[in-house]
1. Report, by residue number, each residue of segment 46-56 that is outside any helix (DSSP H, G or I) and touching a strand residue (DSSP E or B) at 6+ places or on another chain (Cβ under 6 Å).
2. Assess whether residue 41 counts as being out of contact with any strand residue (DSSP E or B) (no Cβ under 6 Å at 6 or more places or on another chain), closer than 17 Å to residue 8 by Cα and part of a helix (DSSP H, G or I).
3. Given the structure, is residue 42 within 21 Å of residue 21 (Cβ to Cβ), surrounded by 16 or more Cβ atoms within 10 Å (Cβ to Cβ) and modelled with pLDDT under 90?
4. Hey, can you tell me all the residues within segment 20-30 that are surrounded by fewer than 16 Cβ atoms within 10 Å (Cβ to Cβ) and under 14 Å from residue 53 (Cα atoms)?
5. Kindly establish whether residue 79 is modelled with pLDDT of 95 or more and more than 10 Å from the chain's Cα centre (by Cα).
6. Give segment 1-19 a look and list any residue that's surrounded by fewer than 14 Cβ atoms within 10 Å (Cβ to Cβ) and at pLDDT below 95, or say none.
């Protein structure tokens, strides 16, 4: 299987940080100028995102990108293993 460079979210941490900043998921998606559905899919690891999008999210939350995303080259099977742990 081909590998790709991508960012995998630590969804619960992102969800908690969004709430701590006083946003709902919908409100935070509006701040980022992305759809609620897209942000929800990011948080729930249902869509691959680029490191650039990961940086936008982490910058908006004022945290280090590595604190809320796993950044690297992953095959699909490696990604599945990471999230089963």
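1. Passing the criteria: 48, 49.
2. Yes.
3. Against the criterion (within 21 Å of residue 21 (Cβ to Cβ), surrounded by 16 or more Cβ atoms within 10 Å (Cβ to Cβ) and modelled with pLDDT under 90), residue 42 does not qualify.
4. If the condition is that a residue be surrounded by fewer than 16 Cβ atoms within 10 Å (Cβ to Cβ) and under 14 Å from residue 53 (Cα atoms), then no residue fits.
5. No; evaluated as a whole, the condition is false for this residue.
6. Those that are surrounded by fewer than 14 Cβ atoms within 10 Å (Cβ to Cβ) and at pLDDT below 95: 1, 2, 3, 4, 5, 12, 16.
The values are calculated or read from the model by the stated rules, or taken from the named source; none is laboratory data. Note that this is a predicted model, so its numbers are computed, not measured. Here the Cβ is made from the backbone with ideal geometry for all residues, glycine too, and neighbour counts use every protein chain on show.
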